Structures are given as structure tokens and as C-alpha cells.
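Report on the structure given below.
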Amino acid sequence: MFIQTEATPNPDVIKFLPGQTVLETGTKEFRTADDASASPLAENLFAIDGVAGLFFGSDFLTVRRSPDSDLIWAQLKAPILAAIMDFYASGQPILREAAVKNDIVYEGELGQIVAEIKDLLDTRVRPAVAQDGGDIEFDSFDMDSGTLYLHMRGACSGCPSSSATLRQGVESLMKHYVPEVKSIEQVL
């Protein structure tokens, strides 16, 4: 197995490309070692000293290094690569059980606006952000204020350039195609 690595705009996050499917559908973020119980791979990666967060995409995963750690990426890469290779050799499922997500149901005109927002996120924003090892997910839309709430995950979460990505990229795109969007807020 050959695993490629890529730097991300966030210096504390590296993207790993195992050359195999990571998640069949959706994405999954593990912010703490307690979250990792949903995945054998996540548990193995959190067992490595210096690993502070994980994000799984369709064909990649990102690893967040603890900013408090004295370990540099050169020291962390080898045990991370070994854990990924061991996991894929084991034949275990990536997730122990599927997480159920309860989405808010939007109807009528608001439903059409939300559908358009989600389509723009899925077709234009998420593929670009995934190249940097992150993801942006729809949280909610407040029609009265025109505020769109989004989750930034993976390498995007805590990245120094994430607020610029939201303001200059995503917000201007949304305002252009969906005039009802007046502002974007990040949900933590």
C-alpha cells in the first residue's frame, strides 16, 4: 500500500491519501479521543502521541497535530502511516455504526432556498475545500436575517485562512447565486 501525503493551508494538519476509499458517503470528524470510539482507525490514530484531531473524507483523511506537542511532522508521519496501513490490512470497517443525522426540514420557499444553498455547497464549495483536506457543511439558514450557518471541518477547522475562505470565497459565491443570503457565520 502506498499512501500519499499533502500539506494543507493549516500547518497543524496533514492530508493522507491511502489510495482506497475512506468513507463511502459523507464525512466524519473526530475532535477528541472520546469521539474515536466510532472508528477502529480513529482509535489507533488517537493512540499516537501528538494526534489531536481527525477528519475522514471519501478518499482522504486529515490528521491534526496538537499545537502543544513538541513533535514535528517528520516524527509523526511514520507512526500515522503505519497505523493507516495496519488498519487497511485488518479488513475492519472504517466505522462501527452509521451515525444518524437529524436534519431540519425546510419547506416552501425556504425549502427551495436551502436546496439551492446545499447544491452550491456540494457542487462548487466542498470539492474545492476537500482538496485542502477539509469540508464545509450546511448547518441552518435564518430567512429573517439572511444568515447562513456553516460548519468548517477537517483542515478548515482552526485554519488561519478559514475566515478568509468563508468571507471572500463562500460568502461572495452564495450572495451572487442566492440573494437571500446576507451573511455567513461559522458554527463551532
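Applying 1/(1 + (r/R0)^6) with R0 = 30 Å to the Cβ-Cβ distance of residue 58 and residue 149, what FRET efficiency is obtained, to the nearest 0.05?
Once the sixth-power term is evaluated, E becomes 0.80.
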- Phi angles of segment 38-46, converted by Karplus (6.51 cos²θ - 1.76 cosθ + 1.60, θ = phi - 60°) into ³J(HN,Hα) in whole Hz with x for Gly and Pro, give 6, 9, x, 5, 4, 4, 5, 6, 5
- Task: With θ set to phi - 60°, apply the Karplus curve 6.51 cos²θ - 1.76 cosθ + 1.60 along segment 109-126 and write out the HN-Hα couplings as whole Hz, x wherever there is a Gly or Pro.
- Result: 4, 4, x, 5, 5, 5, 4, 5, 4, 4, 5, 5, 4, 5, 8, 10, 8, 4
- Message: Using each residue's phi in segment 65-74, evaluate 6.51 cos²θ - 1.76 cosθ + 1.60 at θ = phi - 60° and report the 3J(HN,Hα) Karplus result to the nearest Hz, with x for Gly and Pro.
- Response: 7, 5, x, 8, 6, 7, 6, 9, 4, 4
- Task: First measure r as the distance between the Cβ atoms of residue 81 and residue 187, then evaluate 1/(1 + (r/R0)^6) with R0 = 35 Å and state the FRET efficiency to the nearest 0.05.
- Result: 0.60
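Here, each number is a calculation from the coordinates, and none is a lab measurement. This one's a predicted model, so the numbers in the text were calculated from it and none came from an experiment. Please note: Cβ atoms are built from the backbone with ideal geometry, for glycine as well, and neighbour counts cover all protein chains shown.
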